[in-house]
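To start, the structure under review is shown below, and the notes come after it.
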Amino acid sequence: MKIRDARVIVCSPGRNYVTLRIETRSGLSGIGDATVNGREMAVAAYLRDHVVPTLIGRDAARVEDTWQYLYRGAYWRGGPIGMAAIAAVDVALWDIKAKAAGMPLYQLFGGASREQMSCYAHASGANLPELLDHVSALRAQGFRAIRLQCGIPGLPEPRDSPAVPAEHTWDSDAYLRFAPGMLDAVRCAVGAEVALLHDIHHRLTPIEAARLARAVEPLNLFWLEDPTPAENHEVIRLIRRASVTPLAIGEVFNSIHDVHALLREQLIDYIRVTPVHAGGLTQVRRIADLAALWQIRTAFHGASDMSPVTFGAALHLGRTLPNFGIQEYAGHPSQADDVFPRAWAYSDGYLTTGEVHGHGVDIDENAAARFPYVRSYLPVNRLADGSLWNW
Ligand code: CS2
Ligand code: MG
């Protein structure tokens with residue numbers, strides 16, 4: 001099963017996605033997602049200029065060896081761009097392997113541990129009434145776990161611009177004055193049974209995060225996410241000592257080496273890596289197994305910049321893992337439905353994989369061509385004095 005061709009497809013059906021298709025001489029093909037939000041063309045170039053030429057003629061069945069070849073063989077290890085490129089190859093090869101075996105991918109990973117994966121949606125609002133409306137709408141769609149994000153009174157409305165990074169204003173004191181009441185208001189509105197989550201997006205100092213985690217303990221949150229900048233793991237100890245509010249970290253990690261201290265010291269409760277940004281299914285399986293040693297569960301990153309292809313991969317893996325926790329599901333722009341035909345589906349608070357061979361997601365390249373790439377950036381945050389902060 002030699003690789004005949006591989007090509008990168010960059011499209012923007014409502015937002016940018018980078019997809020790799022690998023074709024074999026036997027006629028089977030598979031796809032993988034390589035999207036890094038706001039830096040899409042860097043991965044596309046890495047794949048086109050450096051990775052694809054080394055794939056032609058390789059045996060598509062050698063998933064592990066290809067992973068090692070791209071990781072060790074580059075000498076320069078890790079990083080979001082390189083690991084997203086490896087992920088795209090890895091997921092495409094697993095897709096091909098499962099199609100060749102005539103099985104849905106979850107069967108290759110040991111078969112189903114569950115039939116459906118619980119998921120959480122995103123509720124947001126410029127203010128509390130808007131947030132509460134959004135929560136009600138999601139509850140009506142069956143979601144039993146909801147992430148809450150809300151505009152902070154007194155801060156200027158964020159203005160987004162696709163051309164240059166939009167500049168938002170951040171004020172940790174204003175946030176800390178507002179956030180506990182905001183979370184409490186939603187808890188009062190929905191009752192005890194809905195799982196409520198909140199993402200701090202790396203914006204607090206350790207002591208601020210500890211204070212917040214302690215203050216919201218009575219609300220019984222499902223988790224607080226990314227309380228402090230994720231690259232410094234030592235500071236999580238301070239938050240952990242102060243509070244038993246569960247913590248979820250890891251969406252920006254791309255290596256098993258980024259996570260093992262957090263896991264070993266039981267500093268987190270949910271690990272947020274995703275196949276696309278953490279080197280594909282080959283490495284994320286290892287991370288999930290390592291996490292299981294300390295009863296830490298998975299919560300693969302599933303914002304809308306994880307393409308439907310990454311969802312296919314993540315859901316097939318999630319279906320098998322003994323320590324699957326929850327899958328984030330922020331949805332995708334409706335135009336992406338035409339570009340990415342898929343077997344996975346949402347219904348009543350759960351996601352299912354479907355039973356199509358492979359990971360069950362394809363790309364319609366003609367449809368993709370109707371949505372050319374649009375340069376776009378994630379916003380940046382500045383404090384009132386002009387200093388740059390974490391967005
Ligand atoms: C967020 C993401 O889903 C999450 O938890 O942190 O929306 C994140 O901001 C984006 O995926 C960045 O590309
Ligand atoms: Mg997050």
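The values are calculated or read from the model by the stated rules, or taken from the named source; none is laboratory data. Everything quoted here is computed from the prediction, not taken from an experiment. Cβ atoms come from the backbone with ideal geometry, glycine included; neighbour counts cover every protein chain shown. Heads up: the accessible areas ignore ligands, DNA and RNA and are worked out on the full protein's heavy atoms, side chains in. Shrake-Rupley method; radii C 1.70, N 1.55, O 1.52, S 1.80 Å.
Points worth noting:
- Any chance Leu262 is under 25 Å from Phe178 (Cα atoms), among the aliphatic types (A, V, I, L, M) and buried (at least 20 other Cβ atoms within 10 Å of the Cβ): no
- Top-ranked residue in region 275-289 [being touching a strand residue (DSSP E or B) at 6+ places or on another chain (Cβ under 9 Å) and in a helix (DSSP H, G or I); ranked as farthest from ligand 2 (Cβ to nearest atom)]: Gly280
- Out of Leu183, Leu93, sole residue that is open to solvent by less than 10 Å² (accessible area, probe 1.4 Å) and closer than 30 Å to Asp362 by Cβ: Leu93
- Residue identified as touching a residue at least 12 places away in the same chain (Cβ under 8 Å), closer than 28 Å to Thr298 by Cα and either open to solvent by 60 Å² or more (accessible area, probe 1.4 Å) or basic (Lys, Arg) (or both) among Val361, Val356, Val374: Val356
- Restricting region 318-353 to residues that are small (Gly, Ala, Ser) and open to solvent by less than 70 Å² (accessible area, probe 1.4 Å), the residue that is farthest from Asp199 (Cα to Cα): Ala343
- Arg319 being more than 15 Å from ligand 2 (Cβ to nearest atom), out of contact with any strand residue (DSSP E or B) (no Cβ under 7 Å at 6 or more places or on another chain) and touching a residue at least 12 places away in the same chain (Cβ under 8 Å): no
- Here Ala314 clears all of (1) more than 16 Å from ligand 2 (Cβ to nearest atom); (2) out of contact with any strand residue (DSSP E or B) (no Cβ under 6 Å at 6 or more places or on another chain) except the condition numbered (1).
- Residues that are touching a residue at least 40 places away in the same chain (Cβ under 8 Å), in contact with a Ser or Thr (Cβ under 8 Å, 6 or more places away or on another chain) and open to solvent by 30 Å² or more (accessible area, probe 1.4 Å), drawn from region 196-238: Arg203
- The residues of region 263-274 that are polar (S, T, N, Q) and away from ligand 1 (no atom under 16 Å from the Cβ) amount to a single one, Gln266.
- Filtered residue count, region 297-317, keeping only those that are open to solvent by 10 Å² or more (accessible area, probe 1.4 Å), part of a strand (DSSP E or B) and within 15 Å of ligand 1 (Cβ to nearest atom): 0
- Members of region 239-255 that are surrounded by fewer than 17 Cβ atoms within 10 Å (Cβ to Cβ) and out of contact with any Asp or Glu (no Cβ under 9 Å at 6 or more places or on another chain): Arg241
- With respect to the stated conditions, Phe300 is of a type in the set (Phe, Trp, Tyr), within 16 Å of ligand 2 (Cβ to nearest atom) and within 15 Å of the chain's Cα centre (by Cα).
- Strands (runs of 3 or more DSSP E) fully within region 162-262 that include at least 3 residues being within 16 Å of ligand 1 (Cβ to nearest atom) and not hydroxyl-bearing (Ser, Thr, Tyr): 195-199, 223-225, 247-249.
- Residues satisfying the stated conditions in region 41-58, i.e. over 25 Å from Ile256 (Cβ atoms) and of a type outside the set (A, V, I, L, M): Arg48, Asp49, Pro53, Gly57
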